[in-house]
Amino acid sequence: MQSSNGRHRDGGGGSESPAGRHEDQGEYGAASREVRYEDPWYDALASGWGEPAGNGEPAPTVPGARTEADGAAVRARDVYLEVQRSAAFQEVRSRYRRFVVPGAAVFLTWYVGYVVTATTAPGLMARPVAGAVNVAMVAGLGQFLSTFLLTWAYARHARLRRDRAALELRWDTQELTRGVRDGAS
């Protein structure tokens, strides 16, 4: 089997070695610049990893990890930890939790109540409200309505209570990180 760049994936299977073939030649030896996509999935060789590094030796298959010895990276990490411990960050997180926890609890209680009532009291859910509309249909549409209302309330709460403070935190963090990077170079 061959990858999309014409190299054998299983380490063999061809009479001609990939190293012996000219760059401009395709799978059958004809010079071609057209790209063939035989494999629709990600192809590691097509991304450039594992290709010879110019001196004939294969490049590392995985990029090198950053080391902790890098002073700028360590100081940038300290900036983020400092921001996370700040009172402004804790206030934004507590405002988020004060809305999300009760909202999620109320919504899940309403949803579970609907499901339990629908399975345990089918007579109640089948009771007509108006014409062919019954209690189950009204409650089901109420699920959709409550989802939209909760989404609207969350977006409004975020806009009025958290977005400005979070944006200021982001700005301050970027300024502090930029200062660390500029000071290190």
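Ranked by the mean number of other Cβ atoms within 10 Å of their residues, highest first, the peptides 118-129, 161-172 fall in the order 161-172, 118-129.
Extension gain for GLN84 to ARG164 (0.36 nm times residue separation, less C-alpha to C-alpha distance): 27.1 nm. The amide H of ASN134, built 1.01 Å from its N in the peptide plane, has VAL129 as neighbours under 5 Å, considering only residues 5 or more places off or on other chains.
FYI, it's all coordinate maths here, none of it is from the lab. Because the structure is a prediction, the values reported are computed rather than measured. We place every Cβ from the backbone using ideal geometry, glycine too, and count neighbours over all the protein chains shown.
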